[in-house]
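> Here's a structure for you.
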Amino acid sequence: MTTRVRRRSGARLTGAALVRWAAVAGVLLFTLFPAYFMVATAVSAEAGSGTDVLLPEALTLERFRYVLTEAGFLGYLRNSLVVALITVVGSCLLALLAATAVARFRFRMRTSILVMVLVVQMVPLEALVIPLFLQVRDLGMLNSLIGLSIVYIALAVPFAVWMLRGFVAAVPVEVEEAAYVDGASWGRMFWSVLFPLVAPGLVATGVFSFIVAWNEFILALTFLEDGDKYTVAVGLRRFFGPYTNDWGAMMAASTIITVPVMLFFLAVQRGLVSGLVQGAVKG
């Protein structure tokens, strides 16, 4: 009797394991298929204006050469990298200073300011396009990568402040007091003591800011006029025509666009995982 029960239990466990593996495989297929379709269309010699290439018979890198040389996508990549790096540095620095202020100092309207910062994230981006356009125009920063970067910094800072606030609050005040006792100034304590301790949070914030600047389309299209200043998101429009679309070139450009994001993620992967875990436990 005992042997039969064990066999039935083992069969049920095996069946449950198969169901779980099937579910995982289905999720992976659903997640990875768009990436496979993008790469397959980019390298397929048969892909033209259609999008029906799943198993390419002949491979070619001609579309990548066309995108990088004749289509001018190298310039778009350079512009996006400049904007993304300025956004990451600026948003992380401002968010760290603001998070330190709201986590360490007590002042009037402190809670209200935090709530207002959170409310800013709830406003749809489409509702901010016209006000931001008018402000950037009045500042004389239209058609400028610096002006676009400043707008992206303003969009990324509210969420970054909330994210970094938990990391700053998790650092014991006694650590800072010990630095003061040793004769450190506030600036020395901030850069030599507090900054290294919240570095994982800065990594997570930097990833968020990088993705915001790299993928944004509406503001870049609105604020940039010259084609040589377009970012990669706007540059993809080059492959859409009035009567037909060059799907092969567009997929090649999309593949190229994903490479910097993957490299950036791989470079900060350890810090990102550490930051998310610490933020979840301590925040």
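> For region 201-223, check the following and say yes or no: at least one residue is at pLDDT 90 or above and either part of a loop (DSSP other than H, G, I, E, B) or among the acidic types (Asp, Glu) (or both).
yes
> Which of the residues that make up region 254-276 are at pLDDT 85 or above and either assigned to a loop (DSSP other than H, G, I, E, B) or not assigned by the TED database to the domain that holds Leu148 (or both)?
none
> Could I ask something else about it? Scan region 126-139 for residues that are without any contact (Cβ under 8 Å) to a residue 40 or more places away in the chain and outside any loop (DSSP other than H, G, I, E, B) and jot them down.
Within region 126-139, Ala127, Leu128, Ile130, Pro131, Leu134, Gln135, Arg137, Asp138 meet the criteria.
> Another question about this same structure. Is there any pair with a first residue in region 104-123 that is under 17 Å from Val157 (Cβ atoms) and modelled with pLDDT under 80 and a second that is in a helix (DSSP H, G or I) and open to solvent by 60 Å² or more (accessible area, probe 1.4 Å) whose Cβ atoms are under 7 Å apart and which are 6 or more apart or on different chains, and what are they?
If the second residue must be in a helix (DSSP H, G or I) and open to solvent by 60 Å² or more (accessible area, probe 1.4 Å), the pairs left are Val117/Trp162; Leu118/Trp162; Gln121/Phe159.
> Would you please name the residue that is modelled with the highest pLDDT, looking only at residues in region 52-81 that are part of a loop (DSSP other than H, G, I, E, B) and either of a type in the set (Phe, Trp, Tyr) or open to solvent by 60 Å² or more (accessible area, probe 1.4 Å) (or both)?
Step by step, filter region 52-81, then rank; the result is Leu61.
> Which condition from (1) more than 16 Å from the chain's Cα centre (by Cα); (2) open to solvent by 10 Å² or more (accessible area, probe 1.4 Å); (3) at pLDDT 90 or above is the one that Gly183 breaks?
Failed condition: (3).
> Sticking with this structure for a sec: What is the one condition in (1) in a helix (DSSP H, G or I); (2) touching a residue at least 60 places away in the same chain (Cβ under 8 Å) that Leu142 does not satisfy?
All conditions are met except number (1).
> Hey, another quick one. Among Ala95, Ala84, which is the only one that is of a type in the set (A, V, I, L, M, F, W, C), within 21 Å of the chain's Cα centre (by Cα), crowded, with 17+ Cβ neighbours inside 10 Å and more than 22 Å from Arg237 (Cα to Cα)?
None of the other options fit; the residue is Ala95.
The values are calculated or read from the model by the stated rules, or taken from the named source; none is laboratory data. Because the structure is predicted, anything quoted here is derived from the model rather than measured. All Cβ positions, even for glycine, are placed from backbone atoms using ideal geometry, and neighbour counts span all protein chains on display. For accessibility, only protein heavy atoms count, side chains too; no ligands or nucleic acids. Shrake-Rupley method; radii C 1.70, N 1.55, O 1.52, S 1.80 Å.
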